[in-house]
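Visitor: Structure in structure tokens, see below.
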Ligand SMILES: [Zn+2]
């Protein structure tokens, strides 16, 4: 990989993107974002058959139940794709974010960010664990950090 | 299968100029493109009784009728999925005229996406709603805010598994720009690029998309006129029959943000369309003479070339490097320069090029064209004389 932008973004605990946009919340997606704001990374769990769904939806496609519950997720996952938006810069991001597709142990996939990593250290198949980033409006949203060894 | 007399055909194609600033309304672009297509067909605008476009277009059916003076529309439709719907329009237009739902269907796409709103840049007005944009809820807060980012994230697993390099993508860009360079209608007429130019162009989305892996944003309008072959006898231009047109929409699959289901290195939707299309048209995409494949970003060419059966999985980069899609290759790819080289009218200008190739009137005319394949990921059509 080349380009100065790829080499910036040293690992740090400082919020690299304090101007990150707040989540857009729809009626059906809001429970996910509200849980995150309370520091919980959850999936929608069907009250009828127990299956997990993401993105959330009002009706379970397996059993038609409208009973939506919450399942805390392990927060452990694998990077199955990642990119860095360089031009135009992502709105609200002072540093180019690592945008990733993470598949969690429970089998669901999430569009997210991997933080606390230098872009040149990003790998397909990398193990990551959930963390929380703060948006400009003070919302907490799930992101991921490289998994600690062991 | 319908008999030849009742078969749908594209009998008119029309367009405005392609530019970075049209200087007039999208409504006007729509009307100019549709009128040009009707003039090409030799059909009176008052006879239009069906019209069709796809989502994200801002022009209105009421205004289309006001500009054309057509009396009564019997069939209208707006299909989902943005540009992936470009070839889907042929599926519906074919069925609409063959069933007699309407007799003269116009299809249009007309936008000022460069001068009015920069289609490729983060759009904070976009909302998660029924305009193929519900995925925005899950992307915006993470900086996945543009088509290039959504595409790059979805192509990553394919690129990684098959070891596709940036040079592999660059060869596609070079090919398309080479075709555009000799097409006076193309925005990039007279402006070919080298692989070095591609490699030196700035990152749009690392580590996959350089600037020259992305189509440009264009102002402009394109339109088609579709009717049955029995009616097409009176038309001015040679009809391009729609031998087959199929599309598929699969559960838990999104379009450009297709992240949630199954093996992301496989374009299952294209394979399914290919099966049905081959049956309907009587020939497969691979057996056609020209391939017009939706090229918003270079990785799409690789994935669709495989999905529609031109070569095996993981083989597309070699298939292209070996020249099979060159202008003098087995199945030339987008002789107009495609969306990358000619203009980005959301796939519609690739369909008009397919028709020109059949008529024998294209700028970069391929010899002895009898059939053309048009594809936009979820949809495929085979046109023939
Ligand atoms: Zn259920």
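Taken together, the values in this text are just the output of simple stated rules run on the coordinates, not laboratory data. Just so it is clear, the structure is predicted and the values come from calculations on it, not from any experiment. No Cβ is skipped: glycine too gets one built from the backbone with ideal geometry, and neighbour counts run over all protein chains shown.
Visitor: Calculate the tail of P(r) for the protein assembly as shown: the fraction of all Cα-Cα distances greater than 45 Å, expressed in %.
Guide: Across the protein assembly as shown, Cα pairs with separations above 45 Å total 15 percent.
Visitor: Provide Rg and Dmax in Å for the range B:183-236, with only Cα atoms included in the calculation.
Guide: In Å, with Rg to one decimal and Dmax whole: 19.0, 53.
Visitor: For the range A:3-146, what Kirkwood radius comes out of the mean inverse Cα-Cα distance, in Å?
Guide: Value: 16.0 Å, from the Cα pair sum.
Visitor: So what is the relative contact order for the range A:3-146, in percent, with contacts set as C-alpha pairs under 8 Å and at least six apart?
Guide: With pairs under 8 Å counted, the relative contact order is 29 percent.
Visitor: Once you have all Cα-Cα distances for the range B:274-326, histogram them in 5 Å bins from zero and send the whole-percent values.
Guide: 4, 20, 29, 28, 12, 6, 0
Visitor: Principal axis lengths of the range B:41-121 from Cα atoms, whole Å, largest first?
Guide: Reported extents, whole Å, longest axis first: 41, 26, 21.
Visitor: Hey, another quick one. Using a Gaussian network model on chain A with a 10 Å cutoff between Cα atoms, which of A:136, A:20, A:40 fluctuates the most?
Guide: A:136
Visitor: To continue, here is another question. Considering only chain B, what is the antiparallel percent among its DSSP beta bridges, to the nearest 5?
Guide: 70
Visitor: Additional query: If you average 1/r over all unlike Cα pairs in the range A:36-83 and invert the result, what Kirkwood radius do you get in angstrom?
Guide: Taking every pair of different Cα atoms in the range A:36-83, averaging 1/r and inverting gives 11.9 Å.
Visitor: For the range B:211-351, what is the relative contact order in percent, using Cα pairs closer than 8 Å and at least 6 residues apart in sequence?
Guide: Relative contact order here is 29 percent.
Visitor: Give the Cα extents of the range B:95-165 along the principal axes, in whole Å, largest first.
Guide: 47, 35, 24 Å, listed from the longest principal axis down.
Visitor: Provide the descending list of Cα extents for the range B:220-350 along its principal axes, expressed in whole angstroms.
Guide: 49, 36, 33
Visitor: Would you please put B:27-38, B:311-322, B:197-208 in order of how densely packed they are, using the mean number of other Cβ atoms within 10 angstrom per residue and starting with the highest?
Guide: Averaged packing, sorted descending, gives the order B:27-38, B:197-208, B:311-322.
Visitor: If eta is 1.306 mPa s and T is 10 °C, what Stokes-Einstein diffusion coefficient results for the range B:289-375, Kirkwood Rh from Cα pairs, in µm²/s?
Guide: Estimated diffusion coefficient is 124 µm²/s.
Visitor: How high is the relative contact order of chain B, in percent, counting Cα pairs under 8 Å that sit 6 or more residues apart?
Guide: It comes to 24 percent, rounded to a whole number.
Visitor: While we're on this one: So how far apart, in nm, are the two label points at residue B:263 and residue A:66 if each is 7 Å from Cα heading toward Cβ?
Guide: Calculated label separation equals 4.0 nm.
Visitor: Can I ask one more? For chain B, set up a GNM with springs between Cα atoms under 10 Å and report which of B:49, B:213, B:63 has the largest fluctuation.
Guide: B:63
Visitor: Taking 0.36 nm per intervening residue step and subtracting the Cα-Cα distance, what contour gain separates residue B:61 from residue B:286 on full extension?
Guide: Working it through step by step, the gained length comes to 77.3 nm.
Visitor: Considering only DSSP beta bridges whose two residues both sit in the range A:3-146, what percent are antiparallel, to the nearest 5?
Guide: So the antiparallel bridges amount to about 95 percent of the total.
Visitor: Hey, could you pull the Cα Rg and Dmax for the range B:153-310, both in Å?
Guide: Gyration radius and largest Cα-Cα distance of the range B:153-310: 18.1, 53 Å.
Visitor: Beyond 20 Å, how much of the Cα-Cα pair distribution for the range B:240-304 remains, as a whole percent?
Guide: Everything past 20 Å amounts to 33 percent.
Visitor: Can I ask one more? Report, please, the projected area of chain B averaged over directions, based on the convex hull of its C-alpha atoms, in nm².
Guide: With every direction weighted equally, the projected area is 16.8 nm².
Visitor: Count, for each residue of B:152-162, the Cβ atoms from other chains sitting within 10 Å of its Cβ, then give me the mean as a whole number.
Guide: 4
Visitor: Moving on. Most exposed first by the Cβ proxy, i.e. fewest other Cβ within 10 Å, how do B:297, B:188, B:249 rank?
Guide: In increasing order of surrounding Cβ atoms, one gets B:249, B:188, B:297.
Visitor: Using a Gaussian network model on chain A with a 10 Å cutoff between Cα atoms, which of A:35, A:43, A:90 fluctuates the most?
Guide: Taking springs between Cα atoms under 10 Å, the residue moving most is A:90.
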